[in-house]
Amino acid sequence: MSEENKAVVRAIEEAWDSGAIDQLDQYFSVQFDSSQSGVPGLPPGLAGAKMAHQGVMQSFPDRKVHIEEIVADGDTVAVRTRITGTNQGGFPAFNVPANDAPIDIAALSIYRFQDGRIVGHWGLNDALTLMMQMGAIPAPA
């Protein structure tokens with residue numbers, strides 16, 4: 001089952017990248033819980049994840065996820081990625097205007113599966129590097 005779960009995670013990353021977010025529903029359980037990595041103020045589950053993604057795509061319309069490593073054990077898949085893009089739409093949450101600044105950050109996601117569908121997600125990205133690359137905060141001297 002681990003190889004099938006890894007294929008699902010790859011398909012999810014491809015759907016996010018291509019903007020085909022309507023294809024995501026087939027991979028997520030109705031009990032999907034993203035509370036460990038969801039954006040405060042957005043609805044829980046896949047609906048909130050889709051809203052967060054749309055916001056990211058407004059800021060970085062050329063966003064691309066590069067899978068660096070993917071491992072699976074039983075019902076869990078971990079994927080280490082690199083996210084690249086260009087700040088073409090600004091980042092309102094941090095008062096950063098569009099400035100064509102390139103971004104290149106590391107991220108990690110852990111997905112938990114049940115009955116072939118994703119029921120949980122935990123994610124972490126290098127937000128500090130993102131803020132420095134966009135010019136929201138100065139890089140250390």
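The values are calculated or read from the model by the stated rules, or taken from the named source; none is laboratory data. Bear in mind that the values here come from a model prediction, so they are computed numbers and not experimental data. Positions of Cβ are generated from backbone atoms using ideal geometry, with glycine treated the same way; all protein chains shown enter the neighbour counts. These accessible areas exclude ligands, DNA and RNA; they are computed on the full protein's heavy atoms, side chains included. Shrake-Rupley method; radii C 1.70, N 1.55, O 1.52, S 1.80 Å.
Exactly one condition in (1) among the hydrophobic types (A, V, I, L, M, F, W, C); (2) closer than 30 Å to Ala101 by Cβ; (3) in contact with a Lys or Arg (Cβ under 7 Å, 6 or more places away or on another chain); (4) touching a residue at least 60 places away in the same chain (Cβ under 8 Å) is false for Met57; which is it?
Exception for Met57: condition (4).
What is the number of the single condition among (1) surrounded by 17 or more Cβ atoms within 10 Å (Cβ to Cβ); (2) assigned to a strand (DSSP E or B) that Leu130 does not meet?
Here Leu130 clears every test but (2).
From the set of residues in the range 58-75 that are open to solvent by less than 60 Å² (accessible area, probe 1.4 Å) and in contact with a Gly (Cβ under 9 Å, 6 or more places away or on another chain), which is farthest from Ser2 (Cα to Cα)?
It comes out as Ser59.
Please go through the range 61-105 and pick out each residue that is farther than 24 Å from Phe32 by Cβ, hydrophobic (A, V, I, L, M, F, W, C) and either touching a His at 6+ places or on another chain (Cβ under 9 Å) or assigned to a strand (DSSP E or B) (or both).
Phe91, Val96, Ile103, Ile105 - these are the residues of the range 61-105 that are farther than 24 Å from Phe32 by Cβ, hydrophobic (A, V, I, L, M, F, W, C) and either touching a His at 6+ places or on another chain (Cβ under 9 Å) or assigned to a strand (DSSP E or B) (or both).
For the structure I just gave you, tell me whether Gln54 is more than 20 Å from Thr129 (Cβ to Cβ), surrounded by fewer than 14 Cβ atoms within 10 Å (Cβ to Cβ), within 17 Å of the chain's Cα centre (by Cα) and not hydrophobic (A, V, I, L, M, F, W, C).
Yes; evaluated as a whole, the condition is true for this residue.
Can you say whether Arg117 is touching a His at 6+ places or on another chain (Cβ under 9 Å), more than 19 Å from Lys64 (Cα to Cα) and either among the hydroxyl-bearing types (Ser, Thr, Tyr) or open to solvent by 60 Å² or more (accessible area, probe 1.4 Å) (or both), as far as the supplied structure shows?
The answer is no for Arg117.
Right, Asp104: surrounded by fewer than 17 Cβ atoms within 10 Å (Cβ to Cβ) and either of a type in the set (A, V, I, L, M) or within 19 Å of Gly135 (Cβ to Cβ) (or both) or not?
yes
What are the pairs with Cβ atoms under 6 angstrom where one residue, in the range 1-14, is farther than 11 Å from Ala72 by Cβ and the other, located anywhere, is open to solvent by less than 20 Å² (accessible area, probe 1.4 Å) and hydrophobic (A, V, I, L, M, F, W, C)? Sequence gap at least six, or different chains.
Once the first residue is farther than 11 Å from Ala72 by Cβ and sits in the range 1-14, its partners that are open to solvent by less than 20 Å² (accessible area, probe 1.4 Å) and hydrophobic (A, V, I, L, M, F, W, C) give Glu13/Val65.
Of the residues in the range 92-141, how many are farther than 18 Å from Leu46 by Cβ and not acidic (Asp, Glu)?
32
Quick check on my filter: what residues within the range 22-51 are over 24 Å from Val96 (Cβ atoms) and either of a type in the set (A, V, I, L, M) or crowded, with 18+ Cβ neighbours inside 10 Å (or both)?
First pass over the range 22-51, keeping only residues over 24 Å from Val96 (Cβ atoms): 22-36, 43-47.
Leu24, Tyr27, Phe28, Val30, Phe32, Ser34, Gly45, Leu46, Ala47 - these are the residues of the range 22-51 that are over 24 Å from Val96 (Cβ atoms) and either of a type in the set (A, V, I, L, M) or crowded, with 18+ Cβ neighbours inside 10 Å (or both).
Can you find, within the range 79-101, the residue that is surrounded by the most Cβ atoms within 10 Å (Cβ to Cβ) among those that are polar (S, T, N, Q) and closer than 29 Å to Ile118 by Cα?
Thr81
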